[in-house]
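*Asks:* Can you read through this structure? Questions will come right after.
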Amino acid sequence: MIFVTVGTHEQQFNRLIKEIDGLIRDEKITDTVFMQIGYSTYKPEYVQWANVISYEEMRKYEEVSDVIITHGGPATFMSVLSKGKTPIVVPRLKKFGEHINDHQLDFAQKVKARGYDILIVENVNTLLEAIDLAKYSVKTMISNTNHFNRDFKEVINDLAKEYKNEKGRNYVDAKDL
């Protein structure tokens, strides 16, 4: 599932909403998609959407979605990061009448430069590529978590064996934990 949220800023974000609607229309996106479109004046034709959703609904969509596309509001994309997911951040830009300045782009670039795993999309024509990267990132993260857990159990088993050999105590296998 793909979740798109543009926040509640009072200016439209038609550029993003139109692009996603078109990708769905053209069957380039075949996932289930839900969009929170805020004050955008373009109304999607090919996807479920709402202007505004509750905080609880937003958190639910963040939990169940494989890909999350968000505006450049730091609270939103940092929330996605806190769930171990790679957000696709499409900053609102002044030149498109989406915000009063380009602070969302500036902030997102600084966050990325500090090593946070976010995908910044300035040109919505590259959105499909970013979606593919985000899907890959989720799969890699899950795979790495499983790998870490397996290695961690091996380390615990080795430590327990050493402890038993030194102290003559019973050995507990980490797989039993």
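The values are calculated or read from the model by the stated rules, or taken from the named source; none is laboratory data. Bear in mind the structure is a predicted one, so any value in this text is a computation, not a measurement. Backbone-built Cβ (ideal geometry, glycine too); neighbour counts: all protein chains shown.
*Asks:* Select from segment 123-143 the residues that are in a loop (DSSP other than H, G, I, E, B) and either at pLDDT below 95 or not assigned by TED's automatic domain parsing to the domain that holds K18 (or both) and list them in ascending order.
*Replies:* Result: no residue meets the conditions.
*Asks:* Evaluate segment 40-61: report whether one residue or more is under 23 Å from N125 (Cβ atoms), crowded, with 23+ Cβ neighbours inside 10 Å, aliphatic (A, V, I, L, M) and in the same structural domain as K135 (by TED's automatic domain parsing).
*Replies:* Checking segment 40-61: not a single residue is under 23 Å from N125 (Cβ atoms), crowded, with 23+ Cβ neighbours inside 10 Å, aliphatic (A, V, I, L, M) and in the same structural domain as K135 (by TED's automatic domain parsing).
*Asks:* For G97, are the conditions met, namely being assigned by TED's automatic domain parsing to the domain that holds G115 and within 25 Å of R114 (Cβ to Cβ)?
*Replies:* no
*Asks:* Considering only residues that are in a helix (DSSP H, G or I) and charged (D, E, K, R), which ones fall in segment 99-122?
*Replies:* D106, K110, K112, listed by residue number.
*Asks:* Out of (1) part of a helix (DSSP H, G or I); (2) under 25 Å from K112 (Cα atoms), the odd one out for G22 is which?
*Replies:* Checking G22 against (1) part of a helix (DSSP H, G or I); (2) under 25 Å from K112 (Cα atoms), the one that fails is (2).
*Asks:* Sticking with this structure for a sec: Under 6 Å between Cβ atoms, which residue pairs at least 6 apart in sequence (or on different chains) link something in segment 107-130 that is under 18 Å from K18 (Cα atoms) with a partner that is charged (D, E, K, R) and crowded, with 16+ Cβ neighbours inside 10 Å?
*Replies:* Listed by first residue and then by second, the contacts come to V124/R15; V124/E19; L127/E19.
*Asks:* Residues of segment 86-98 being part of a loop (DSSP other than H, G, I, E, B) and in contact with a Leu (Cβ under 7 Å, 6 or more places away or on another chain), which ones? Steps first, please.
*Replies:* The initial filter retains those residues of segment 86-98 that are part of a loop (DSSP other than H, G, I, E, B), namely 86-87, 90-93, 97-98.
Listed by number, the residues that qualify are T86, P87, V90, P91, L93.
*Asks:* Name every residue in segment 1-17 that is part of a loop (DSSP other than H, G, I, E, B), buried (at least 23 other Cβ atoms within 10 Å of the Cβ) and either more than 15 Å from the chain's Cα centre (by Cα) or of a type outside the set (V, I, T) (or both), in order of residue number.
*Replies:* F13
*Asks:* While we're on this one: For segment 37-70, give me the residue count where each residue is of a type in the set (F, W, Y), modelled with pLDDT of 95 or more and over 17 Å from D21 (Cβ atoms).
*Replies:* Of the residues in segment 37-70, 1 are of a type in the set (F, W, Y), modelled with pLDDT of 95 or more and over 17 Å from D21 (Cβ atoms).
*Asks:* Does T30 fit the bill of being in the same structural domain as I131 (by TED's automatic domain parsing), closer than 22 Å to E129 by Cβ and not in a loop (DSSP other than H, G, I, E, B)?
*Replies:* Taking the combined requirement at face value, the residue does not satisfy it.
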